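Please read the structure below before turning to the comments.
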Amino acid sequence: MGFVVEQPGVLTTVQDGGRFGYERFGMSPSGPMDLTSFEIANLLVGNRREESALEMTILGPTLRFTAANVVAVTGAPLKPKLNGEDCPMNRAFPVSAGDELALGAVQGGCRSYIAFAGGLDVPEIMGSRCTALQNKVGGFQGRRLAKGDAIGFRSPAAALPHMERRHVERQVETAPLREIRVVLGPQEDRFTREGIDTFLTGVYTVTKDFDRMGCRLEGPVIAHREDGNIISDGMVTGAIQVPTAGQPIIMLAERQTVGGYTKIATVITADLPAVGQCKAGDQIRFRAVEVEEAHRLLRQQEEELKALEAAIHAPEPAAKAPRCYRATVNGLTFTITLTECDD
Amino acid sequence: MDGYTLRYVGDQALSVEFEEEISLPVNRKVTALYQALAACRIPGVGELVPTYRALLIHYDALRTDLKALTAAVERCAAHLDLTKLPKALVTEIPVLYEGEYAMDLEEIARIENKTVEEIIRIHSQSDYYVYMLGFAPGHPYTARMEHPFSFKRRAEPRVKIPGGSIVVQLALSDIIPFDQPCGWNIIGTTPVLACDYRKENPFLLQAGQWIRHVPIDKPTFLEIKRQVELGEYRCRTYEKEG
C-alpha cells in the first residue's frame, strides 16, 4: 500500500539516481532533472540519496495515501495542501492512510520532488527504478503517472526520529535571468572567436521545446568556423550542442548517448539543477569557468549535502545519568533517584 | 601509435579522439583504448562510451584526481596494442526480405539497376562492422566495407517505421530497435530484438563486433518471432575469420 494518483499533474514520473552502465549500448541515465533537490527530499525522510521518489513538473499531482508514511517535498516552490491545510516544503511530515495531498502548481522554477520514507515499490530494471520516458522503460510502467495509478511503498515509516531536524532552509533558483556556468568544449575549436564571444555574452531564452531530453534556446546566432556537423561522438548531460543554424540546445537527463552536432561547452555539474529548473521564457547567460573551479563548486555542493545528512543523523546528546540518594528517616532507609528533565 | 587528442568534456568526462574519419583502423583504436581502460579499472572512472573515432570516459569528480586520471588515460592511449585485440565476433541477424517486411526493396533494386535477388545477395553476403551503438537503446551503426549502394536517404522521411526494420543507405545498414521516425530505405525486417528489456543484458550487439544478415523465409520468420517472444531464441554467434 502507498498512494493512488487522483490527479496526475502535468508530468509526474518515478525517478531515482539514474540508470548507469548502459551508455555504450545507447541508453542514457535518465534520473532527476534537479538532482540536488531530489537528493535533499530523500535525505529529509531518511532515505539513501538515490532512492526512488516522484519528479513533478510545473503542476504537481494530487495523491490519496493508502498507508501511513513520512514524506518531504522539495525543489520548485509549491503550495502543497494536506487535507486542505497548508503543509511545508523542505520539511519532512507524516501522512496517514486516507490523507489527500494536493501538491499544486509551482510558484517559480519548473520541477519539484516528493520523497517517501523507504522509497517506492516499482520494479528495478537494469539496476534502477527511474523512468526513461523516451525509451518507455522503468519507473511505473515506463510512463508518466496517470489518474488512478496506485504505487506501493517499499518500507514505509509511520514515524521517524528527530522530526524537528528534518528540514532545510533552501530556495531553488527561480530568477528569470540565470547565470549558468560552463566548461568550454569539447568542440569549441569548431567555432570562431566571435562565435564563442556571442555564446558567452548573449542572453538565451528557453523556448517551448524544453523537456527531459533537452532544452532548446533562442538568442544571438553562434558562428561556426565551417558548420555544426561532426562525426558523431559521445555525449554527457549538460552538453550544449550548436547545430549549423547557431542556436544552442542543452542536453539533459534523457538525452541521446551520441550526437553529431558541435558541442560548444558543457554545463558544470553544480549548475545542472539550475537548468532543470528552467522553463519556457526563462533566460540564461553562460559564463565559462575552468574545470578545476567546476570541481571546487561540486565539492562545495557535496559538503553542503553531507552537512545536512549529518545534522539529521547527529547522535542524541548522552542522556544525563540519574543520581541516586539514600536517606534514612526514622530508622528506615529510602533510595531516591533524580533524573534531570530535558527542558 | 599515431596521435590522439585528449579533451575535457565538462567537469566529469574526458574524450580521447583519434583521426577524424570513419574507418575500421581508426575505430579499432577506439576499441583497443576501451578495452585497455576497462581492464585497468582506474578508481573513479565510470562508463566508457566508444564511438566512431573517440572514446568518452565518464569519471566521478568527487572520487578522482584529474591529473592522475589524465596521466593514466594518456599512458593507455600512447601504448595501444592493436595486435592484442580479441578476435572479433560475428552475430547472425535473420532477415525476411519480402513483401510488407521489405517495403523499399523493389525501389532499391530499381535505383541500383539490379534484381531484388542481387540486392539481397549484396546485403547478406558481406559482414557489417558495428562502429557504435546509440540513437536508441541497442541501435547499432553498422557498415560494410565493400559495394556501397548509390542512394542515401529517402526524399521524405517516414513518421514511423516499425521496430525490427533493417534500413540502408550507401554502405550503411541499421537495425531499428523500436518504432521511430526514419528517412532510410527499409530493405527487410528481423524477428530478433536489438534491445529486450526482459533480459538481464538487454542488448544484442556491442561496438567493435560484426553482424551478418541471413535471409529467411516467412515461416522461419514467424517461428523465430515466436521463440523471441518466449525469450528462447539465440542468434548464432561465431569468431570472425582472419
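Quick look at the numbers
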quantity: Subset of region A:36-68 (residues that are within 18 Å of A:Pro88 (Cα to Cα) and either among the aromatic types (Phe, Trp, Tyr) or under 9 Å from the mean Cα position of the chain (by Cα) (or both)); calculated: A:Ser37, A:Phe38, A:Glu39, A:Ile40, A:Ala41, A:Glu55, A:Phe65
quantity: Filter result for B:Leu37 (within 14 Å of chain A (Cβ to nearest Cβ), in contact with a helix residue (DSSP H, G or I) (Cβ under 6 Å, 6 or more places away or on another chain) and assigned to a helix (DSSP H, G or I)); calculated: yes
quantity: Test: residue in region B:140-160 that is part of a helix (DSSP H, G or I) and in contact (Cβ under 8 Å) with a residue 40 or more places away in the chain; calculated: no
quantity: Residues located in region B:43-60, provided they are farther than 20 Å from A:Thr257 by Cβ and either in contact with a helix residue (DSSP H, G or I) (Cβ under 8 Å, 6 or more places away or on another chain) or facing another protein chain (nearest Cβ under 7 Å) (or both); calculated: B:Gly44
quantity: Qualifying residue in region B:83-92 (condition: within 11 Å of chain A (Cβ to nearest Cβ), of a type in the set (Lys, Arg), closer than 30 Å to B:Thr189 by Cα and not in a helix (DSSP H, G or I)); calculated: no
quantity: Within region B:14-34, considering residues that are surrounded by 19 or more Cβ atoms within 10 Å (Cβ to Cβ) and not aliphatic (A, V, I, L, M), the one farthest from the other protein chains (Cβ to nearest Cβ); calculated: B:Lys29
quantity: Single condition A:Arg190 does not satisfy, out of (1) more than 14 Å from chain B (Cβ to nearest Cβ); (2) buried (at least 16 other Cβ atoms within 10 Å of the Cβ); calculated: (1)
quantity: Filter result (buried (at least 20 other Cβ atoms within 10 Å of the Cβ) and either without any contact (Cβ under 8 Å) to a residue 40 or more places away in the chain or not aliphatic (A, V, I, L, M) (or both)) within region A:193-215; calculated: A:Gly195, A:Phe199, A:Tyr204, A:Phe210, A:Arg212, A:Gly214, A:Cys215
quantity: The listed residue being touching a Leu at 6+ places or on another chain (Cβ under 8 Å), touching a residue at least 24 places away in the same chain (Cβ under 8 Å) and farther than 30 Å from B:Tyr141 by Cβ, out of A:Val122, A:Val73; calculated: A:Val73
quantity: Any hit, region B:50-66, residues being outside the structural domain of B:Ser165 (by TED's automatic domain parsing) and on the phi > 0 side of the Ramachandran plot; calculated: no
quantity: Residues being surrounded by fewer than 16 Cβ atoms within 10 Å (Cβ to Cβ) and hydroxyl-bearing (Ser, Thr, Tyr) - total across region B:149-176; calculated: 1
quantity: Residues of region B:152-180 that turn out to be over 13 Å from B:Pro140 (Cα atoms) and more than 13 Å from chain A (Cβ to nearest Cβ), as a count; calculated: 14
quantity: Matching residues in region B:167-197 - criterion: being in a loop (DSSP other than H, G, I, E, B) and touching a helix residue (DSSP H, G or I) at 6+ places or on another chain (Cβ under 7 Å); calculated: B:Pro191, B:Val192, B:Leu193
quantity: Single residue of region B:106-135 satisfying the filter (surrounded by 21 or more Cβ atoms within 10 Å (Cβ to Cβ) and touching a Phe, Trp or Tyr at 6+ places or on another chain (Cβ under 6 Å)) that is farthest from B:Pro177 (Cα to Cα); calculated: B:Ile120
quantity: Count - residues of region B:61-75 that are away from chain A (no Cβ under 13 Å) and surrounded by 21 or more Cβ atoms within 10 Å (Cβ to Cβ); calculated: 1
quantity: Residue within region A:240-256 that is within 14 Å of chain B (Cβ to nearest Cβ) and more than 27 Å from the chain's Cα centre (by Cα) present; calculated: no
quantity: Region A:198-239: number of residues that are touching a Phe, Trp or Tyr at 6+ places or on another chain (Cβ under 8 Å) and among the aliphatic types (A, V, I, L, M); calculated: 6
quantity: Out of A:Gly228, A:Gly234, sole residue that is farther than 20 Å from A:Thr36 by Cβ, modelled with pLDDT under 95 and not assigned by TED's automatic domain parsing to the domain that holds A:Ile58; calculated: A:Gly228
quantity: In region A:286-302, residue nearest to the other protein chains (Cβ to nearest Cβ) [restricted to those that are outside any helix (DSSP H, G or I) and surrounded by 15 or more Cβ atoms within 10 Å (Cβ to Cβ)]; calculated: A:Val289
quantity: Residue match in region A:106-129 (condition: among the aromatic types (Phe, Trp, Tyr), within 30 Å of A:Val289 (Cα to Cα) and not assigned by TED's automatic domain parsing to the domain that holds A:Met251); calculated: yes
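The values are calculated or read from the model by the stated rules, or taken from the named source; none is laboratory data. This one's a predicted model, so the numbers in the text were calculated from it and none came from an experiment. Cβ coordinates were reconstructed from backbone atoms using ideal geometry, including for glycine residues, and neighbour counts include every protein chain displayed.
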